[in-house]
Structure formats: structure tokens, C-alpha cells
Amino acid sequence: MDFDLIVRGGTLPDGTVADIGIIGETIAAIEPELNVTAGTAVDARGNLVSAPFVDPHFHMDATLSYGIPRINASGTLLEGISLWGELKPLLTHEAVRDRALAYCDWAVSMGLLAIRTHVDVCDDRLLAVEALLDVKKTVAPYIDLQLVAFPQDGFYRSPTARDNTIRAVDLGVDIVGGIPHFERTMADGSRSVTELCEIAARRGLMVDLHCDETDDPLSRHIEQLAYETQRLGLQGRVAGSHLTSMHSMDNYYVSKLLPMIAEAGVSAIPNPLINIMLQGRHDTFPKRRGLTRVKEMLAMGIRVGWGQDCVLDPWYSLGTADMLDVAFMGLHVAQMSSPADMARCFDMVTNVNAAIMGLDHLGLAVGKRASLVVLDAGNPVEAIRLRPERLCVIARGKVVAERAKQETRLSIAGRPAQVNRRHKAAD
């Protein structure tokens with residue numbers, strides 16, 4: 001068999017060393033050695049070859065808008081929402097599209113080839129929705145882009161949000177979103193969860209709600225989301241994003257809640273960079289950090305992925321489209337320090353996130369789409385430690401990004417001429 005592309009000698013996340021043969025857009029073979037020709041060969045010897053990075057929670061309509069029209073002075077979630085309200089009237093189709101495409105360029109360079117983005121539908125123009133639908137078409141050859149109809153100002157709280165959510169879905173938005181904790185009352189929040197899930201059930205769509213993104217331990221909309229998931233038969237199609245109130249809930253209630261989430265098959269998407277930046281702002285000391293109970297959910301068999309959430313926007317002033325930054329922060333805040341837990345954090349930003357998004361075509365296996373990443377690291381844990389260069393990014397069987405390996409030159413008597421930070425443990 002001849003291949004269009006072979007990735008030779010890479011180390012897979014499980015430690016296997018293999019050649020990967022690609023025909024067209026599909027992985028056709030993974031073998032210890034492929035003694036055949038190929039139109040293109042990528043030398044991955046000594047480097048980690050991974051499935052692509054996947055981000056299940058982002059806000060692409062706001063990305064790269066940091067400082068417009070001003071900076072979030074308090075650094076709080078609520079000022080960020082207020083600032084976004086000031087920015088929305090200033091948006092143009094071209095500006096949203098161009099910033100989103102620029103971010104997608106960053107994403108490709110970092111091996112991030114699938115993104116789920118929430119798009120605000122509380123602007124009656126649905127300008128951002130139409131702009132990101134254009135972006136979705138443009139990037140389709142190299143990025144799987146999912147759009148979530150997100151009523152940022154509240155499904156009921158904003159007078160036209162309900163109608164706009166339905167309009168956005170009619171335009172082709174993929175997923176039903178919401179923000180129940182931002183409604184005016186807890187009752188309205190619960191009611192919004194019910195109606196949003198019913199809309200998704202009628203249309204055969206997935207659900208992804210900003211859920212309980214607050215320090216209030218009495219914000220318990222995830223309970224309603226798990227209930228509606230089972231009532232409407234949405235198991236496996238629903239995600240609760242953030243879930244930060246769980247950080248502050250009492251342990252007895254959580255002991256009831258986690259089995260409900262697991263039984264309903266609801267996925268969880270914490271966003272560690274943003275959660276620890278925005279939560280606990282009303283605390284003095286001890287100060288809560290606001291990340292949900294990741295290890296406890298994993299122990300219950302709940303599917304948990306890491307999300308990026310924001311890059312250079314009204315809520316967050318940093319970010320580089322690097323999902324290894326996200327895994328690195330999540331590992332620390334969730335105290336996932338064992339070798340198995342650290343490796344799991346890598347899996348969360350690749351395979352687990354792909355599963356949350358329903359992207360069964362992604363992964364390192366024969367028959368899967370030929371989208372993968374070569375990293376300057378020896379294994380997944382080293383990749384999280386170093387957040388290394390992406391030496392080669394392949395999307396749908398085509399090389400879409402490359403970077404030469406970077407070595408630092410030393411000029412120190414008696415020491416090596418070059419150094420990098422990779423490390424092989426002593427035998």
C-alpha cells in the first residue's frame with residue numbers, strides 16, 4: 001500500500017513507537033514500521049505524536065477584543081459581562097469575522113483543531129452569529145467549529161433572548177446554550193433549563209449551558225440540568241460548563257448531586273484559567289478559587305474535559321490558544337499530581353474533549369480522520385510540563401503548520417553547546 005503521507009517513528013501517548021500512514025483524509029495504518037513509499041514524510045522520531053487538541057468551551061465572538069472599548073478594571077465576571085454589553089453595539093460583521101479567523105490561525109499553529117464556541121444571541125442583529133457561521137465555513141477544511149446559541153444576558157432576563165435563541169438555531173447554530181444562574185431568580189433559572197432542554201430535544205440538538213458560574217453554593221441548576229437530561233432522553237448530549245458553585249457546596253449535598261450527574265450522562269467542562277481568575281473575588285481570606293470538584297467527578301465516572309473559555313477579551317487579558325496551558329493550570333488547581341492524573345489531563349484536552357463534542361472521527365486509530373500533532377516532548381506528562389513547540393500539525397491529511405525544533409545555545413565553559421528542557425528520568 002502506498003500512502004499520501006507518513007509520520008515516521010513518533011511516540012504515541014501510550015508509549016508505543018509507530019509509523020502512521022495516511023491516505024487522503026484518513027489514518028490508514030499504524031504500524032511499528034511501514035516499509036512503503038509516501039508522497040510526503042514527516043520525521044517524528046523521538047517526539048510525541050498526539051490526536052489534535054480540542055477546546056469544548058470558548059467565546060470566539062469576543063476573542064482578541066481586549067481593551068475595546070476599555071479594560072475590565074475590577075477583573076470580575078460581572079464587569080466583564082457589563083463591558084461586553086458596551087462592546088456589542090460597536091461590533092461589525094467584519095471585525096468579529098477577522099478576529100475569529102486570526103484566533104483560528106493561532107489555534108492551528110498550536111494543534112487546536114476542534115473548538116466549541118458560544119456566540120451571544122442577545123444582539124437582535126444576530127451579527128456575531130452570522131459572522132461565526134461564515135467563519136465556520138471558512139475554517140471547515142482544518143478546524144471542526146461548533147457554535148452554541150448563548151443568551152448571554154439571560155434567556156428570560158433579556159426581552160428578546162428567547163426568540164433570538166430560536167432564530168440562531170434556525171440559522172444553523174449547532175447547540176442550545178444558556179446561563180440559568182444569570183436569570184433574575186433561581187426559579188427563572190430552573191425554568192430556563194427546562195425550556196432550553198426541550199428546544200434541544202425537539203430539534204435533536206446537543207445542550208451546553210453555562211451552569212452555576214458563581215460562588216453561591218445555593219446555585220444548583222446543574223441538578224435541574226441532570227433531571228431534564230434524563231426526562232427528555234438527552235443522555236450523552238448535554239454538558240454543564242463551569243459548575244463553579246460546586247466548589248462552595250456542602251459535602252452532603254454534593255454526595256447526592258454527583259451520582260445524579262453521572263446517571264444522567266451529563267459532561268462537565270471546567271475552565272481552570274478563567275475560573276480561578278474570576279471566582280472568589282468577594283472573598284478576603286481564606287479565598288476560594290472556584291474550580292469545580294474535578295477529581296471527585298472523575299471518580300464518579302463523570303466525563304470531564306478542560307476548556308479554554310477566553311483569550312484577550314473582556315473577561316481575560318491573556319491566552320495563546322494553547323490547550324496545554326489549560327491542562328497545566330487545571331492539573332495544579334485540581335491537584336492532579338500523580339503520573340496517572342497528569343497523563344489524564346493531557347487526555348482531557350484531546351480525546352475526552354472530542355468525545356464531549358461528539359467528534360467520533362478524531363483520535364489516533366485506523367479509520368479516524370488524519371488530524372494529528374507532533375510535539376517536541378517525549379510523553380504526555382512532559383508535554384504538559386513544557387507546553388512545547390508543535391513541530392508539525394496535520395489536518396485532514398495535510399500539513400497545515402510546521403516549526404523547527406528550538407535549541408538554546410550556551411556559551412559556558414565545560415557545559416553543552418546546546419540545551420533544551422526535555423528530561424529522561426534516571427534508570
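The values are calculated or read from the model by the stated rules, or taken from the named source; none is laboratory data. Source: prediction; values computed, not measured. Cβ sites come from the backbone with ideal geometry, for glycine too, and all protein chains shown count toward neighbours. To get the accessible areas, we keep the full protein, side chains included, count just its heavy atoms, and leave off ligands, DNA and RNA. Shrake-Rupley method; radii C 1.70, N 1.55, O 1.52, S 1.80 Å.
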Apart from one, (1) over 17 Å from the mean Cα position of the chain (by Cα); (2) open to solvent by 10 Å² or more (accessible area, probe 1.4 Å) all hold for THR165; the odd one out is (2)
Conditions first: (1) open to solvent by less than 70 Å² (accessible area, probe 1.4 Å); (2) within 24 Å of PRO141 (Cβ to Cβ); (3) among the acidic types (Asp, Glu). ASP376 passes all but one, so which condition is the exception? (2)
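State which residue is nearest to TYR103 (Cα to Cα) when the search covers only the range 317-375 and only residues that are among the polar types (S, T, N, Q) and more than 12 Å from the chain's Cα centre (by Cα). Full working, then the answer.
Here is the first cut: in the range 317-375, the residues among the polar types (S, T, N, Q) are 317, 320, 335, 337-338, 350-351, 353, 371.
Filter once more, so that each one left must be more than 12 Å from the chain's Cα centre (by Cα): 317, 320, 335, 337-338, 371.
Values: SER317: 14, THR320: 9, GLN335: 30, SER337: 31, SER338: 33, SER371: 19 Å.
Across the range 317-375, the extreme among qualifying residues is THR320.
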Just for the range 83-97: of the residues that are farther than 14 Å from ASP123 by Cα and touching a Ser or Thr at 6+ places or on another chain (Cβ under 9 Å), which one is surrounded by the most Cβ atoms within 10 Å (Cβ to Cβ)? ARG97
Among (1) charged (D, E, K, R); (2) closer than 26 Å to GLY80 by Cα; (3) surrounded by 16 or more Cβ atoms within 10 Å (Cβ to Cβ) - the single one LYS287 does not satisfy: (3)
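Condition first: more than 16 Å from the chain's Cα centre (by Cα), exposed (fewer than 13 other Cβ atoms within 10 Å of the Cβ) and outside the structural domain of ARG303 (by the TED database). Can you find one or more residues in the range 393-402 that meet it?
No.
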Just one of LEU225, LEU273 is closer than 26 Å to GLY330 by Cβ and in contact with a Leu (Cβ under 7 Å, 6 or more places away or on another chain); which is it? LEU225
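Please work out if LYS287 is of a type in the set (D, E, K, R), in a helix (DSSP H, G or I) and either modelled with pLDDT of 95 or more or out of contact with any strand residue (DSSP E or B) (no Cβ under 8 Å at 6 or more places or on another chain) (or both).
No; evaluated as a whole, the condition is false for this residue.
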Can you tell me which residue is nearest to ASP19 (Cα to Cα) among those in the range 374-427 that are in a strand (DSSP E or B) and β-branched (Val, Ile, Thr)? VAL374
Among (1) surrounded by fewer than 16 Cβ atoms within 10 Å (Cβ to Cβ); (2) of a type outside the set (Gly, Ala, Ser); (3) touching a helix residue (DSSP H, G or I) at 6+ places or on another chain (Cβ under 7 Å), the one test that ILE143 misses: (1)
